[in-house]
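Some notes on the structure that comes next.
Coordinate-derived values only; no laboratory data. These figures come from a predicted structure and were not determined experimentally. All Cβ positions, glycine included, derive from the backbone under ideal geometry; neighbour counts span all protein chains shown.
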Amino acid sequence: MNESVIDKTVYAELEHTAGAEFVAELVDTFLEEAPGMLAALRSARTENHAERFRRAAHSLKSNSSTFGASKLAALARELELKGLDADPARDMAALAALEVEYARVAVALKAPRDG
Amino acid sequence: MAEPGARLLIVDDNKVNRLLLSRNVQMQGHRAELAENGRIALEMLRREPFDLLLLDIEMPEMDGFAVLEQLKADPQLRDLPVIVTSSVEGLENIVRCIGLGAEDYLPKPVNAVLLKARIGASLEKKRLRDQQKDLVRRFATSEVAQDLQQSGFSLGGKRVHASVMFSDIRGFTTLVESQPPEETIELLNTYYTLMFDAISSHGGVVNQMIGDGLMALFGAPLPLDDCAGSAVAAAMEMIELIEQFNLERSAAQKPTIRIGIGIATGNVVAGYTGTQQRATYTCIGDTVNLAARLEAHTKSVQRAILIDAATRYGLRAGVQLIALGDMQFKGKAVVEQVYAVGQDSA
């Protein structure tokens, strides 16, 4: 697991309290749900829907912090607090960065089982 | 100590959160049901009983704030403990949750140890509250208990239109002297069970029991559409129940009992009297005095049920009445028209 992507302490604590097997299933659920949240962020940006944008960012933040994906959580939180930017291009850049970080998180979360 | 196996409802629009929270509470020995948004949660809460609600704030359709508002406005659900679990930003939102009656607030991601402690504390508080409610119900009627829960306790009364009923057992003192006290207690318990049943099935409330007598209110603390009709119907049922009871007593070779009932209708002042420490729900006013006089008068005229003119005006056709003419009661300035309910041969 890449420690710069996933906070190992948070993840270990989660496994400790909820059980490793359960956490593995929870990771699968997150990996199923997260692409929908990223898509919701993009479509909310395109359609100028501030409330949906904020809520999708909120969900992503909440789940990221559950698994200790601290950087992803921080990026999502920024979007939640800031909301839609007056300049759509800046949001698009932020979304691209978010997606890159999510891809890293997805790889890191899958890693312990694959390896 | 937490109640083992409490039933929790978890409301969260996010699947990962729902699964993780439900896993946490299940590992603590509780059962969890899941809802995806506030609207579904409220439907479930109104359909089946829950001990505790774990509530998210950010949700589509109906958010956590709206759920808290609805719970607060619902007498059946206002006491349900709610722990808000959210990663909602801003202290003012947390303050808003607490202001809306949430028991506690836990930031997400929820710490399992903290969650366990909060759930335990909330369930314990709920247990104490339920116990207290049970006690209030035992010593007050459920109507008074509901009134207390809704409006809170304050000494003082309000003017309401109601029918007041007094009832007691004829020749009770003689009866008491003729049998062991244990038997009298048993007799009283059966008698009160029957009378309470007849009175409450017609929307009345027994607010006082003194020895073999009782006072009941129809139309207070909660308003009643047809208070006079309900009071008279209850009185007739009481007489019927006593007759059945007497058949059993005769068969067991025990002395039978007879009761007298007086009913008056009008404005009364109803409310709590007493002290801040100990008070009782009661009614006062001319109507109450008149009902007591009518009940006492049943002895002199050998009738089971006597009512005043105002009660009579409130009655639908079909109730058999006998006009007994004007009566001047002790302590009353005006003469009262009195009617007996039932057959001539009562």
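Binning at 20 Å from 0, report for chain B what percent of all alpha-carbon pair distances ends up in each bin.
Final binned percentages: 26, 38, 27, 9.
Can you tell me the orientation of helix B:286-301 relative to chain B, as the angle in degrees between its alpha-carbon axis and the longest Cα principal axis, to the nearest 10?
Result, in degrees: 40.
Shape call for the protein assembly as shown from the C-alpha gyration tensor, a ≥ b ≥ c root eigenvalues: rounded (a/c under 1.5), prolate (a/b greater than b/c) or oblate?
Prolate, because a/c is 1.5 or more and a/b exceeds b/c.
Which of the aspartates and glutamates could a cross-linker bridge to B:LYS254, judged by Cα under 16 Å and excluding same-chain residues fewer than eight apart?
Once the sequence-local aspartates and glutamates are set aside, what remains near B:LYS254 is B:GLU177, B:GLU182, B:GLU183, B:GLU186, B:GLU243.
Just tell me which aspartates and glutamates come within less than 19 Å, Cα to Cα, of B:LYS330; anything on the same chain fewer than 8 places away is out.
B:ASP286, B:GLU295, B:ASP308
With the Cα gyration tensor of region B:153-341 giving a ≥ b ≥ c as the square roots of its eigenvalues, does the rule (a/c under 1.5 for rounded; else a/b larger than b/c for prolate; else oblate) give rounded, prolate or oblate? The partial results should precede the final answer.
On the way: a/c = 1.67, a/b = 1.24, b/c = 1.35.
Oblate shape, in that a/c is at least 1.5 and b/c is the bigger or equal ratio.
To test your reading of the geometry: what angle, between 0 and 90 degrees and rounded to tens, separates the Cα axis of helix A:50-67 from the longest principal axis of chain A?
That works out to roughly 20 degrees.
Take the cross-link list A:LYS110/B:LYS15; B:LYS158/B:LYS299; B:LYS72/B:LYS158; B:LYS158/B:LYS332 and give me the ones stretching past 28 Å between alpha-carbons.
The answer is B:LYS158/B:LYS299.
Can you tell me the FRET efficiency between B:GLN179 and B:LYS299 if r is taken as the Cβ-Cβ distance and R0 is 22 Å, rounded to the nearest 0.05?
It comes to 0.55.
How large is the helix-only mean residue ellipticity at 222 nm for chain A, computed as the sum of -39500 (n - 2.57) over DSSP H runs with n ≥ 4, divided by its residue count, in deg cm²/dmol to the nearest 500?
-28500 deg cm²/dmol
Please give, to one decimal in nm, the separation of the simple spin-label points placed at A:ALA103 and B:MET209, each 7 Å out from Cα toward the Cβ.
Distance between the two pseudo-spin positions: 7.9 nm.
I want the antiparallel fraction of DSSP beta bridges within the protein assembly as shown, as a percent rounded to 5.
Once the DSSP bridges in the protein assembly as shown are tallied, antiparallel ones form about 65 percent.
Cut-off 19 Å, label point 7 angstrom out along Cα-to-Cβ of A:HIS49: give me the residues of region B:29-54 whose amide nitrogen falls inside.
Taking a point 7 Å out along Cα→Cβ of A:HIS49, the residues of region B:29-54 whose backbone N falls under 19 Å are B:36-39.
Treating the angle as unsigned and between 0 and 90°, give the value, to the nearest 10°, between the Cα long axis of helix A:8-18 and the longest Cα principal axis of chain A.
With rounding to tens, the tilt is 70 degrees.
Using only the Cα atoms of region B:7-139, what are the Rg and Dmax in Å?
Final numbers for Rg and Dmax: 14.1, 47 Å.
222 nm [θ] for chain B, helices only, -39500 (n - 2.57) per DSSP H run of 4+, per residue, to 500?
-14500 deg cm²/dmol
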